[in-house]
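Worksheet: the structure to be examined is printed underneath.
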Amino acid sequence: MGLESFLAVGAIIFCIGLYGALTKRNAITVLMCIELMFTAVNITAVTLSRYVVPAGLAENPASVSDDVLQTLLTGQVFTIFIITVAAAEVALGLAIVMAVFKNRESVFVTDATEMKH
Amino acid sequence: MTGHDLYLLSPELSMAGLATILVVLDLFLGRKDLLAWVAVLGLLLPLGFAISLWVGLDRDGTGQMAGLFDTLSVDKFSLFFKFLFIGTTAAVVLTSTDYVKRLGRLQGEYYALILFSATGMMLLASTTELITIYIALELTALPVAALAAFMRDSRSSESGMKFLILSAISSAVLLYGMVWVYGYTGTTNLEEIARRIGDVGLRGDQPFGGYALLLGVVLMIAGFGFKIASVPFQMWAPDVYEGAPTPVTAFLSVASKAAGFAILLRIFYVAFPWEAMSLEWSAIFAILAVASMTLGNLVAIPQRNIKRMLAYSTIAHAGYLLVGLAAATSRASEGNLLGGPTGILFYLGGYAVTNMAAFGAVIAISNKTGSDRIEDFAGMARRAPLLAAVLTLALVSLTGVPPTVGFMVKLNIFGAAVDSGLTWLAIAGALNSVISAYYYVRVVKVMYLSPPAAEERVPSPLPMTVAVTVAMAGVAFFGVYPAPLLDFARTAAATLRIALIF
């Protein structure tokens, strides 16, 4: 299990999420697919912060300065922020889907065609 | 965090505070129409802080004040955008009053959401770090999604849903790109990214000097492409613009777009300034520019709904603005290195007054007629002489005919393109302006030559009159005498020169 495997998992999940977000009819499923995309980004961020960044660390493990530690954790801090914002995004998304459902008795994005013409 | 950091953040903090005050005030205040005035007068506070920061920069002479662990940079570039956002927000609030009155309750929340989104935009213009950029971007987008769905009827909620879903997808794409750039360089600070790319060295045999950077940069362009509504990521714009409340549409098309360009300029000029890279990303932007303006203008022609027409016109203007990003000159040639950024800033200033004038008139007229269709603008020259004149001037300026500001900004940005050897792009832009005259002039023709459906005059309330008159004065004044705005843009863009020293 190396860097490549984790990055590949991230890329595959991202592509599944993107495919689903662009093709699914149900708005709830689309929101779930968007969550998959964010998860893929999180996996990639954590992987990169674990494997790629500590180049200086590998040379001399004893010399972990605060500077290195900060860059080490950047990817994981990024992940925490992404999780938080994604939660807010979905909360708002579900509220808007509720509003659409009240108006139209449907959560299918393919039915949302009122403004095509 | 020190007191100095708080001072650097003061425009954003006071803006967010004002938004909170409005929500609370909405609970107690009986006369809801005062809320708009509170919001507009309250905007003087962030404006004052921004002016004080500008004066401080002048006294300081360093040109840049960094704070909050180097995630925030207050410089003239970011202050230019802060002034722009404060002005646009004031105009949007003033043009909203009539629209919001129909809501009954929730008026405070409406203004608060606009101010929260503006806070995000102001933050976005000063951030110099990828994580903060992402947070600011979401703070900009989420309130706008709520605002788009604010009317809660079928069209408005559909518009909100489309905006939220596409904005979330584009955020995910953008984040994936950011993460790759972070993985390649090991940092999220923009200046540090540029330095480390220089340390590693760009590989001549790979595009962008490395496949990871290629992936990162292309995904980031795709993500921001959604935000600025450039082809091929424009499909959300017409539906969202049509369904959203019209003042929100104005806010989206002016402020949101300016914020997108602010951060695009910052990222590409600060993080990827190396010549080998800038020649490659400028080629991408050149293609996006020509595709955006051509598609935007051609599809705008058959539109019957004025908001939809203005949406396609916005896409076309994103194309003209991208010309400025494409005009990244080669360092070897002794051209004006900052011609492109100056052109974009100048264009955004001119575009803001023009579009606010156009949308203000459209809001006032469709509030009365209850329709956004172009044929319902018939005879408006007689029913609302002032609004018809404002809309005419704005449309002429959007076409780019002298003596309006639209002509000056286009001349400037196409000039920058010619300076950097992109004459074909300038010609494409000029041809596109000719195409756009067709659909803009059609609206003017309907207003002045068609007989009105009713004789009743269209009222324009005081805040609306103030907003459109100021915007119209801006269009005319800067069209005749553009020097103040151009100098302002040039001073602001000069900040990016620091990044080009590498």
Checklist entry - Whole-Hz Karplus ³J(HN,Hα) for the range B:341-356, in order, using 6.51 cos²θ - 1.76 cosθ + 1.60 and θ = phi - 60°, x for Gly and Pro? => result x, 4, x, 5, 5, 4, 4, 4, x, x, 5, 5, 5, 4, 5, 5
Next on the checklist: Just to check, using Stokes-Einstein with a Kirkwood Rh over alpha carbon pairs, what's the diffusion coefficient of chain B at 20 °C and 1.002 mPa s in µm²/s?
Outcome noted: 95
Checklist entry - Suppose every K and R has +1 on its Cβ and every D and E has -1 on its Cβ; what is the size of the dipole of chain B about the Cα centre, in Debye to the nearest 20? => result 1200
Item to check | In the range B:101-210, the trypsin sites (Lys or Arg not before Pro) that fall in loop regions by DSSP, at most 12 other Cβ within 10 Å | outcome: B:R102, B:R105
Checklist outcome for this item: Length gained, B:R105-B:R373, 0.36 nm per residue minus C-alpha separation, equals 93.7 nm
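Specify the longest stretch of chain B that does not include any exposed loop site, a site being one of the GluC sites (Glu not before Pro) with a non-H, G, I, E, B DSSP assignment and at most 11 other Cβ atoms within 10 Å.
B:1-333
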Item to check | Per-residue HN-Hα couplings for the range B:461-477 [Karplus 6.51, -1.76, 1.60; θ = phi - 60°; Hz; x = Gly/Pro] | outcome: x, 4, x, 4, 4, 4, 4, 6, 5, 4, 5, 5, 4, x, 4, 6, 5
Item to check | Where trypsin sites (Lys or Arg not before Pro) fall in DSSP loop in the range B:2-76, at most 13 other Cβ within 10 Å | outcome: B:R31
Item to check | With Cα atoms, 0 to 90° folded angle of helix B:76-101 axis to chain B main axis | outcome: 20
Checklist entry - Rounded to the nearest 0.05, what FRET efficiency is calculated for A:Y19 and B:E456 with R0 set to 51 Å and r the Cβ-Cβ distance? => result 0.45
Item to check | 15 Å cut-off, amide nitrogen to a point 7 angstrom out along A:Y51 Cα→Cβ, residues in the range B:196-218 | outcome: B:212
Item to check | FRET efficiency for B:T62 and A:R104, using Cβ-Cβ distance with R0 set to 60 Å, rounded to 0.05 | outcome: 0.60
Checklist entry - Normalised by the residues of chain B, what does the relative contact order come to in percent, with Cα pairs under 8 Å and at least six apart? => result 15
Item to check | Calculated on alpha-carbon atoms, Rg and Dmax of the protein assembly as shown in Å | outcome: 23.6, 85
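Loop-only check: which trypsin sites (Lys or Arg not before Pro) in the range B:436-502 are DSSP coil with at most 16 other Cβ within 10 angstrom?
Sparse-neighbourhood loop trypsin sites (Lys or Arg not before Pro): B:R457.
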Checklist entry - Around B:Q64, which amide H atoms from residues at least 5 apart in sequence, or from another chain, sit under 5 Å from its own amide H, with H modelled in the peptide plane? => result none
Item to check | Farthest positive-ward along the range B:194-351 dipole, Cα basis, beta-carbon charges - from B:G201, B:A283, B:M309 | outcome: B:M309
Checklist outcome for this item: Expressed to two decimals, the range B:273-502 has a Cα Rg over Rh, using the Kirkwood radius, of 1.03
Next on the checklist: For B:A149, what residues show an amide H to amide H distance below 5 Å, using hydrogens built from the backbone and excluding near sequence neighbours?
Outcome noted: B:G160
Checklist outcome for this item: Per-residue ellipticity at 222 nm attributable to helices in the protein assembly as shown (runs of n ≥ 4 DSSP H, -39500 (n - 2.57) apiece, nearest 500 deg cm²/dmol) works out to -25000 deg cm²/dmol
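Every read-out reported here was derived from the displayed coordinates using simple, explicitly stated rules and does not represent laboratory data. Keep in mind that this is a model prediction, so the values were computed, not measured. Every residue, glycine among them, receives a Cβ derived from its backbone with ideal geometry; neighbour counts consider all protein chains shown.
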